[in-house]
Amino acid sequence: MRQRAGLILGVVVLLAGVTAIAGWRWWQGRAPYGPDALRASATLRLVDQATADAALEPFDAEIATSDDDQILLGRVSWTAPTAPEDTTLRIVLLDQRRHLLPGFLAVTAPDPEHVSTGLDGSLDDARDRYDWLAGTGTRESGGSFWGAGNIITVSSLDASPVTFQTVLHAERPDTPAGARVATAPVTTQDMLIALICVGGDGRVHWAQRLT
């Protein structure tokens with residue numbers, strides 16, 4: 001009886017420990033706020049060079065070099081919630097037809113130091129969780145993994161609104177699969193703007209389609 005009681009007690013302690021670990025992981029990984037807390041919105045339009053230049057001042061907008069180029073100008077705004085200081089956002093502009101990112105993004109905000117462009121592992125994580133981001137992030141081509149295009153990293157929730165611009169050029173058929181980016185021609189309905197919430201540990205909490 002004592003052996004059986006000891007065995008039962010051991011199982012109970014083990015289950016309690018597993019439950020405690022699972023609860024700790026849930027607590028650490030929970031989203032500090034949901035998409036509704038931000039009340040985020042986005043706009044995207046095709047513009048001329050003068051409009052893009054004015055929107056990005058005092059910084060330089062990307063320059064269209066051909067009559068076939070298209071200039072896209074976007075804006076994302078939100079209301080900053082009370083959240084941990086290390087919570088950051090990613091803004092994604094995506095060609096929904098072929099799931100490709102723009103090759104270059106010019107970006108500004110009220111405090112420009114809070115926004116930057118590039119790629120990081122958060123897009124891979126979000127892509128694995130959300131079907132509508134499929135094909136973005138790191139891609140395999142020829143036995144190697146490639147990352148092409150850019151997204152926007154927002155390091156402070158006080159950076160709203162974020163204004164960005166890109167020029168889409170005509171497709172070059174000889175572009176390697178791993179280096180392909182969004183190309184012209186497009187309509188604004190072809191393009192998706194998404195917002196991704198990332199914790200200080202790099203964990204993706206959620207992603208939201210804005211357009």
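Below is a table of values for the structure above.
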read-out: Selected residue [closer than 20 Å to D201 by Cβ and out of contact with any Ser or Thr (no Cβ under 6 Å at 6 or more places or on another chain)] from D120, D67; value: D120
read-out: Any chance A179 is at pLDDT below 95 and of a type outside the set (K, R); value: yes
read-out: Condition met for G137 (surrounded by 20 or more Cβ atoms within 10 Å (Cβ to Cβ) and among the small types (G, A, S)); value: yes
read-out: The range 176-211, residues that are open to solvent by 40 Å² or more (accessible area, probe 1.4 Å) and either of a type in the set (G, A, S) or more than 25 Å from D53 (Cα to Cα) (or both); value: P176, A177, A179, R180, G200, D201, R203, Q208, R209
read-out: Any pair with Cβ under 7 angstrom, 6 or more apart, that starts in the range 18-43 at a residue that is modelled with pLDDT under 95 and ends at one that is open to solvent by 100 Å² or more (accessible area, probe 1.4 Å); value: G29/R203
read-out: Condition met for S155 (within 26 Å of T188 (Cβ to Cβ) and at pLDDT 95 or above); value: no
read-out: Qualifying residue in the range 46-56 (condition: surrounded by fewer than 18 Cβ atoms within 10 Å (Cβ to Cβ), of a type outside the set (F, W, Y) and at pLDDT below 95); value: no
read-out: Which listed residue, of P102, P81, is surrounded by 22 or more Cβ atoms within 10 Å (Cβ to Cβ), touching a residue at least 60 places away in the same chain (Cβ under 8 Å) and in contact with a Leu (Cβ under 8 Å, 6 or more places away or on another chain); value: P102
read-out: Verdict on A61 being in contact (Cβ under 8 Å) with a residue 40 or more places away in the chain and either open to solvent by 20 Å² or more (accessible area, probe 1.4 Å) or not in a loop (DSSP other than H, G, I, E, B) (or both); value: no
read-out: Residue in the range 149-172 that is in a helix (DSSP H, G or I), closer than 19 Å to T87 by Cβ and open to solvent by less than 50 Å² (accessible area, probe 1.4 Å) present; value: yes
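The values are calculated or read from the model by the stated rules, or taken from the named source; none is laboratory data. Predicted model only: the values in this text are computed from it and were never measured. Every residue, glycine among them, receives a Cβ derived from its backbone with ideal geometry; neighbour counts consider all protein chains shown. The accessibility values were calculated without ligands, DNA or RNA, using every heavy atom of the protein model including side chains. Shrake-Rupley method; radii C 1.70, N 1.55, O 1.52, S 1.80 Å.
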